[in-house]
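The values are calculated or read from the model by the stated rules, or taken from the named source; none is laboratory data. Here the structure is a predicted model, which is why all the values come from computation and not from measurement. Cβ sites come from the backbone with ideal geometry, for glycine too, and all protein chains shown count toward neighbours. With ligands, DNA and RNA removed, areas are computed over all heavy atoms of the protein, side chains included. Shrake-Rupley method; radii C 1.70, N 1.55, O 1.52, S 1.80 Å.
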Amino acid sequence: MARWEPGARERLVLAAVDLFGEQGYDATTVAQIADRAGVTKSTFFRYFPDKRELLAAGQDALARLLTEGIAEAPADAGPLAAMAAGLTRAASSMGPTNREIAPRVKAAIAASTELQQRDALKIVSLAAAVVDALVARGVPPTTAHLVGELGSLAFKLGFAAWTEQDDGSGDALARLTVAALDDLHRATRDLA
């Protein structure tokens, strides 16, 4: 077993997703994941506190990219334009590996109540990070909450569309998420 082979974190995520698909989340152990990834259990725990956190591996980076994009939007950008900047920044960092494992991650989450709960918490925390970033820009809290929810839904819709098309680039994902945000914004006008 190669102790310091690069890419251990990514290999752990891929091994876990494959094992969850093959034998189910509950039946998969940390030892099996580490073995499949070609690392030791101690290496596993260097990256993740438990197997549940594997599927949320990129959550912190995603939240950071979203909020950086919002913060760096032009000062005169409205809340939706700032949200679009955050979506573009976050989506542009994703690539073929994210797209490749997405259906397997979705299947693993659908098959486990524990993972469904974790996924719901992930969505809530992403929306909260977006709200905080928008409020820091001076957006009123109610508006920030609405835009945060629209942004979360836009990312979810754009990501789902991205996994179904041929272009696996982050730029394609960015276009799809921003288009979803525009669609959702138009849909809000029809609510009256």
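Dividing the C-alpha radius of gyration of region 1-97 by 2.2 N^0.38 Å, with N its residue count, gives 1.38. Dimensions of region 66-144 from C-alpha coordinates, computed as largest minus smallest value along each principal axis and given longest first, are 44, 28, 14 Å. Ordered from longest to shortest, the equivalent ellipsoid semi-axes for region 10-157 are 33, 15, 13 Å, each the square root of 5 times a Cα gyration tensor eigenvalue. The value of relative contact order for the chain, using C-alpha pairs under 8 Å at least six residues apart, is 21 percent. Rolling a 1.4 angstrom probe over the protein heavy atoms with all chains in place gives region 97-192 an accessible area of 57 Å² per residue. Computed log10 I(q)/I(0) for region 35-79 at 0.22, 0.24, 0.27 Å⁻¹: -0.79, -0.86, -0.96, from the Debye equation with unit scatterers placed on every C-alpha and solvent omitted. For region 13-70, the per residue solvent-accessible surface stands at 44 Å², with DNA, RNA and ligands left out and a 1.4 Å probe. Loop-located trypsin sites (Lys or Arg not before Pro) across region 1-105 with a Cβ neighbour count of 10 or fewer within 10 Å are Arg3, with loop assigned by DSSP.
Sorted largest first, the spans of the alpha carbon positions of region 124-192 along the three principal axes are 39, 29, 19 Å. Rolling a 1.4 angstrom probe over the chain with all protein chains present gives an accessible area of which 56% lies on carbon and sulfur atoms. Note on Lys156: lysines with a C-alpha under 29 Å away, same-chain residues under 8 apart excluded, are Lys51, Lys106, Lys122.
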